[in-house]
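Laboratory data are not the source of any read-out in this text; all were calculated from the coordinates shown. On a predicted model such as this, the values are computed, not experimentally measured, just so you know. Cβ placement follows ideal geometry from the backbone for every residue including glycine, while neighbour counts extend to all protein chains displayed.
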Amino acid sequence: MLFHLIRTQFRIALSKTGAAAILFTAATALYADVRGLDWYASAVVLERFVSLTGLILIASVFLPEQDRGIRELVGAKAFSFNKIIMTRLFLAVAICFLLIAALAFVMMMCGSRFPAGAYIFGAFATALFIGALGFGVSGISGNTIAGYLVAVAYFFMNMMEAPKDSALYLFSLSGGNGYSKPTILIIACAMIALTFAVRALRGSGKRGAGILR
Amino acid sequence: MRLFLKECNAIRGTIPWIAFVVIVIGFYFMNFGFELDNQILQTNARKDVEFETKLMGITIFNEYYKLADNPLISPDEMQDYGDKKVIVPEVTMPNALALLATEYLYERGDYFFAGYSDISGEALYERRGYAHYNKFGFLHNATISDEERAEIAGIIKSCTGLTPEEIYERISDGLAQPLPFVAVDDYRDRVTVDVSYPEFEKMMGRVDEIIGGGSSYAYPYLESQALEPVKYGDRLSEYQSLIHADKVTNAYARYFCDYMGIVIALFAIFVSVNYLLRDRRSKSSELVMPRDISSVRLVVTRYLAAASMAFLPIAAISIIPATKLAAFGQSNGIATDAFAFLKYEVAWLLPTILFVTGVGFIVTILTDTPAAIIIQFVWSYILLIVTPISAPGGISGMGLIVRFNAIGDSGILQEHIGDLVMNRVTYTLLAAVLLLVSVHIFRLKREGRIDIAGKIKHALSSDKNTVQDCPQ
């Protein structure tokens, strides 16, 4: 039963985005040329590039229900829509973590030097944060494109002008310390919980994703 | 026209368009608006000042401004005119060779510079090779073969008559490890160079080739080896060019376009993709397909509506700096160009909007998915990293994002205006091609002759039951 649910949801929601995320990670490894990177270059690859897999995978969890036909069909079912979303979310987060860890492993095999545990955690925290931001906006507004847009905007604000000592700074690994990572990981989890809470209050958990324009 | 206005109205109410407007406003103030306000205020104050802008108690802009940093101030009001990076053979050559000798020893493993991570305490900040940027802008530490190492040692010897070890001894001042970036120090008293600058440049070209390109020994990084104080005459001619040739507003319009080009390349795609997917989301595409309107008229009208709605917030927000600079000009007796921003936006930014909207249309009509967002975003992200931030590099390539991160420098623009025109015309023509192909694909879909989206869906699912499979 559980296996069936996971397999079905993977096929519906994650087959395309999963393929895109794998392609993106592989392309990053190639164009960044991950052989013999030092700590700084490794941090750039992991937290400024591969963390974008969080955006691709997690922010798009509500995407299938953007189609009115699927939304109406899901809304008519008796099972909890939130349970379906949780399953997809769990899969998306797991794939995201595995991709980051896999690339970090490949980088180390190719002679790059960095503390693997801290870097995987740091890159994953960034990925989860931007993914959760997109997930939240998408889940509350009913518009996945808006979710992508807000998450990308926050990502770029951090690249361009954000204060580097902010607790919500996404790229603190490149500064050599990663001080903001635990905070953004906690906030990412809070955003996901808040999205479910808002949807539960609005009753959208039972009748499929609410839709705005 | 009625259809066009109707389509514009439909975009106006969408969440991505509203978010796009908010991003344009935020980006404007963070990168341009606050800086312009502060420069105008400082021009009135005539002294070095520290500006801090807070929003809801959070500092979002904090910068110490010297008079020399403000292009609006006449050099007659300043004590010094700042520094600029230059190639001065008698400084550039010894500095570059001192750096080369140091990197040679790092790479050979004689020394390395180490800093320590706050995360693990491990020595992370270390260099064991020649620092260089690969073609995608990533910093690498290159290692080389024994033969190549011998060749570099030979180059150092033929330039200075010294071995890398001897140079290192002269420049390290008894420190166990020299600082990793020695480029701005002046080593001309300690390293004597016996070759002419053209010979030196040729040999450094070979060094750069061995390292893999993007090293400190070739353009543009070789220019970072020497700093020179700006002379009064140079500063005065820059100021006069800003006031007379650029009429102030033209220079600021270019700076505005530099930042807004990034916003458009990254975010305008969301507006068009969301707009096209709206039909699919609401299942109205089945209603649109058989309508009695030609494919050309429908797609072209929608394309123009999406492009116009992406251009509108940019044009609207540029009224703010145009008005402020007009008022500044009036109070200081400087003639300004009221249409400078609009001219630059049309010539510089509109081709980017047309192209990005074209990418959104062709990919979305073809696949019925938001794939265009990922394609455009990844491409623009890489372009943003690899495109040089300033002219001439930023305006002379064929990249979608044109960079000109300077207020003034109209001389450089004039020199490379041909490249810039070629770039913008190319993207406008490509946009037209994308639009024509989009119309054709839409027509084929309407006639039921292609269904790429269906094929993708079919390829990715092994059975036809998807949502229906969910457990009850």
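Over 27 Å between C-alpha atoms is what I'm after, so list which of B:Lys66/B:Lys247; B:Lys85/B:Lys202; B:Lys84/B:Lys247; B:Lys231/B:Lys343 land there.
B:Lys231/B:Lys343
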10 Å binning of all Cα-Cα separations within region A:2-207, expressed as whole percents from 0 upward: 9, 35, 34, 16, 5, 0
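Can you sort B:His416, B:His140 from fewest to most other Cβ atoms within 10 Å of each residue's own Cβ?
B:His416, B:His140
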Tally of Lys pairs whose C-alpha atoms are under 22 Å apart, taken over chain A, 8 or more apart or cross-chain: 4
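Suppose only helical runs count, i.e. DSSP H with n ≥ 4. What mean residue ellipticity at 222 nm does that imply for chain A under -39500 (n - 2.57) per run, divided by all residues and rounded to the nearest 500 deg cm²/dmol? Please list the in-between numbers first.
Values: 10 runs with 146 residues, N = 213.
Estimated from H runs of four or more residues: -22500 deg cm²/dmol.
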Footprinting exposure proxy for A:Thr87, B:Thr367, A:Thr144 (fewest neighbouring C-beta atoms within 10 Å first): B:Thr367, A:Thr87, A:Thr144
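Please report B:Thr369, B:Thr426 as a ranked list, fewest other C-beta atoms within 10 angstrom at the top and most at the bottom. Write out the running numbers ahead of the final one.
Working: B:Thr369 21, B:Thr426 14.
Ascending Cβ contact count within 10 Å gives the list B:Thr426, B:Thr369.
Where Rh denotes the Kirkwood radius from the mean inverse Cα pair distance, what is Rg over Rh for region B:241-382? If you can, show how the numbers build up before the last one.
Working: Rg = 18.9 Å, Rh = 16.9 Å.
That ratio is 1.12, to two decimals.
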